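Each value in this text was obtained by applying a stated rule to the coordinates, not by laboratory testing. Fair warning: this is a prediction, and the values are worked out from it, not measured in the lab. Cβ sites come from the backbone with ideal geometry, for glycine too, and all protein chains shown count toward neighbours.
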Amino acid sequence: MKKVTFRGWDGIVAVITLGMKRGHRDCHGLTKRESDKRYRVWIKKDQNEKEELDTLIHEMLHCASWQSEEDWVAQTATGIADALYEWGFRRVD
Ligand SMILES: [Zn+2]
């Protein structure tokens, strides 16, 4: 299990866990809103690097803009992930 806390977007705090919440194993990621400023994010393990980057950005966008439509979040996350991956960004363990 890996936990990361990030701050930004007007003081939002998200706690990110690598590994899916029970009952959501088919999802790539999941975000639960715990309050206006606090979110809990689960990222599925064993995705390839690009999928994992896309999923992390996707869930962070939900935190930053909870009211946004799923289609917009998905398309934006994939666009950003593609650009970062093309530019050479990779996860370092
Ligand atoms: Zn989503």
Inset, instruction - With 10 Å bins from zero, work out the P(r) of the chain over every alpha carbon pair and list the percent per bin. - result: 17, 50, 32, 2
Legend entry - Range in the chain, longest, excluding exposed GluC sites (Glu not before Pro) [loop by DSSP; at most 14 other beta-carbon atoms within 10 Å]: 35-68
Legend entry - J(HN,Hα) series, the stretch 41-53, from Karplus relation 6.51 cos²θ - 1.76 cosθ + 1.60, nearest Hz, glycine and proline x: 10, 10, 10, 4, 6, 6, 7, 6, 4, 5, 4, 5, 4
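So if I place +1 on the C-beta of Lys and Arg and -1 on the C-beta of Asp and Glu, and nothing else carries charge, what would the dipole magnitude of the chain be about its Cα centre? I want it in debye, nearest 20.
680
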Legend entry - Neighbour cut-off at most 10 other Cβ (10 Å), DSSP loop, chymotrypsin sites (Phe, Trp or Tyr not before Pro), the stretch 12-93: none
Legend entry - Cut-off under 5 Å, modelled amide H: who pairs with residue 20 long-range: 45
Legend entry - Beta bridges per DSSP with both ends in the stretch 13-93, % antiparallel, nearest 5: 45
Legend entry - Three principal axis lengths of the stretch 1-54 [C-alpha, angstrom, descending]: 31, 24, 17
Legend entry - Neighbour net charge for residue 82 - beta-carbon separation under 11 angstrom, K R +1, D E -1: -1
